[in-house]
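Working notes, structure below.
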Amino acid sequence: MTRQIAELLMYVAPEPIQQANERWLARILERLGSTRRGAGGLPLLELWRAPELLLTQTCGYPLMTALRGQVRVVGRPRYELPEASGGNHCSLLLSRADDSRRTLPDFFDSRGVINGEDSNSGMNLLRQRLAPLHRDGQFFTRVGISGSHRESLRWLRDDLVDLAAIDSVTFAYLARHAGQEVRGLRVVERSASSPTLPYITAVTASDEQVTALRRVMNETLGELPEVAEVLGLSEVLPAGEEDYQVLLDYQREAQGLGYGRVR
């Protein structure tokens, strides 16, 4: 029996989501005859590049900027959630509901937050939307880096920032299971569409192994309908790096307009 790394760390909250992912992973490993090796607190980039990696999920932006050619894409999730369907999702650009500013241009010279420089939903999609509105390479008076979407939401609720871009899947999960974390917030604008976060395996996996892994992921979803329901996940679609090229297109679009960094 092989022992491989299997972690799903992109959507780990609220608790029902984490529990559903853990049940799904356990069934996948059982079906594959593998035992689970813990990631042991590995930094995400090391986890994603680990030669013992069986299955994890990454963000589409680092897939194309830091991991290209170093992992195999297994597929992308087809969520059926508000603002996420057909293998795509978006970012929701949020403010507090009581903020008098109503349109994105109104937020020029406001306080912004991103969850990380390497985030697609928290940074790249936001940058693409702000690029036509910047002045001399700047849109915000200042930009904080929160480290996570949930922390960005807390900063927004606590009036530490005025505008945040939140992954629509994260928002849907919180709205369903932890409504207090999104209460009192309002969608100012939706970002461009983006392919959902890819599932990946080690670069050494063959085409046959990738196909077999995706098949088992889908079969186990069918065996665990309550897990599929909690995750809002109906299917893992075939995918490859070419599906995520659009994220680099968004990057180039912003850079072409003189807005290479959210600031």
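Surface exposure of the chain, expressed per residue as accessible area with a 1.4 Å probe, stands at 42 Å².
In whole Å, how far is the Cα centre of the stretch 1-18 from that of the stretch 22-86? What the calculation gives is 9 Å, centre to centre. Close amide H pairs (under 5 Å, H built 1.01 Å from N) link S119 with N124, residues at least 5 positions away or on another chain. Which entry is the computed percent of Cα pairs over 35 Å apart for this structure: (1) 16; (2) 20; (3) 10? Correct label is (1). The stretch between S85 and A97, if pulled fully straight at 0.36 nm per residue, gains 1.7 nm over its current Cα-Cα span.
Taking θ as phi - 60° and the Karplus parameters 6.51, -1.76 and 1.60, the scalar couplings of the stretch 47-64 work out to 4, 4, 9, 4, x, 8, 5, 9, 7, 7, 10, 10, 8, x, 5, x, 3, 8 Hz in sequence order, x denoting glycine and proline. Rounded to the nearest Hz, the phi-derived 3J(HN,Hα) couplings of the stretch 218-235 under the Karplus curve 6.51 cos²θ - 1.76 cosθ + 1.60 (θ = phi - 60°) are 6, 5, 6, 4, x, 7, 10, x, 5, 5, 4, 5, 4, 7, x, 10, 9, 5, where x marks glycine and proline. Taking every C-alpha pair closer than 8 Å and separated by at least 6 residues, the mean separation divided by the residue count of the chain gives a relative contact order of 32 percent.
Going by accessible surface with a 1.4 Å probe and the largest first, F139, F171 read F171, F139. Computed from the C-beta positions of V187 and L133 and an R0 of 25 Å, the FRET efficiency is 0.90 to the nearest 0.05. Remark: spin-label model distance E52-R263 equals 4.1 nm, labels positioned 7 Å along the Cα→Cβ axis. Restricting the calculation to alpha carbons of the stretch 141-260 gives Rg and Dmax of 18.2, 51 angstrom.
For the chain, the longest principal axis of the alpha carbon atoms and the long axis of helix 15-32 meet at an angle near 30°.
Extension gain, V12 to R176, is 57.6 nm, computed as 0.36 nm per intervening residue step minus the present C-alpha separation.
Net charge around Q128, counting only other residues with Cβ within less than 13 Å of its Cβ (Lys, Arg = +1; Asp, Glu = -1)? Result for the neighbourhood of Q128: +2.
Modelled spin labels at R3 and S206, positioned 7 Å past Cα toward Cβ, are 2.5 nm from each other. Computed per residue of the chain from DSSP H runs no shorter than four, each worth -39500 (n - 2.57), the mean residue ellipticity at 222 nm is -10000 deg cm²/dmol.
Other residues whose C-beta falls under 14 angstrom from the C-beta of N218 contribute a net charge of +3, scoring Lys and Arg +1 and Asp and Glu -1. For F139, the amide hydrogen comes within under 5 Å of the amide hydrogens of R263, counting only partners 5 or more places away or on other chains and with H modelled in the peptide plane. The heavy atoms of Y250 present about 30 square angstrom of accessible area, all protein chains included, probe 1.4 Å. Sequence-ordered 3J(HN,Hα) estimates for the stretch 154-169 from the Karplus curve with 6.51, -1.76 and 1.60 and θ = phi - 60° stand at 5, 4, 5, 4, 7, 6, 8, 9, 10, 8, 9, 9, 10, 3, 5, 5 Hz, glycine and proline given as x.
The values are calculated or read from the model by the stated rules, or taken from the named source; none is laboratory data. Computed from a predicted structure; not experimentally measured. Cβ atoms come from the backbone with ideal geometry, glycine included; neighbour counts cover every protein chain shown. We work out accessible area using only protein heavy atoms, side chains counted, and drop any ligands, DNA or RNA first. Shrake-Rupley method; radii C 1.70, N 1.55, O 1.52, S 1.80 Å.
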